[in-house]
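Readers should treat all values here as calculations from the given coordinates under stated rules, not as data from a laboratory. What you see is a predicted model, and the numbers here were worked out from it, not measured in a lab. Here Cβ is always computed from backbone atoms with ideal geometry, including for glycine, and neighbour counts include all displayed protein chains.
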Amino acid sequence: MSIGANQPFRPAGTATLAAGTASASVALTGTGGTVLVTNATNAVAFVRLGTSAAVTATPADMPVLPNSRIVLAANSSIQHAAAILALVGCTGLFATAKCLAQFRASTY
């Protein structure tokens, strides 16, 4: 369970993506309002959620630090995810959120 979460994360499906320095996408399986993204590489990954297989990730998207994970909110129209790995020397990562109070790490 994530720190600060009041409900357990209930996985509904798992999709695997072989990420590289070119954007790649994968269809998400299962349903729910939350996507747990795990970056099992030694490079910063950038992820983007989308409604079609045409979704493309760029270094301007959500960063996921090496060997870490993040939880992202996703509505029912989100059915695909894309990722790209950073080139060597990536620095200065900044992320913003609309409202942190709306974060929920649970799937219903």
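7 Å from Cα along Cα→Cβ at both Thr38 and Ala18: what's the point-to-point distance in nm?
1.9
Binning every alpha carbon pair distance of the range 24-87 at 5 Å from zero, what are the percents per bin?
4, 21, 29, 28, 14, 4, 0
What list of ³J(HN,Hα) couplings, whole Hz, do you get for the range 59-70 from phi and the Karplus terms 6.51, -1.76, 1.60, once you set θ to phi - 60° and write x for glycine and proline?
The phi angles translate into x, 8, 8, 5, x, 10, 5, x, 6, 9, 9, 9 Hz.
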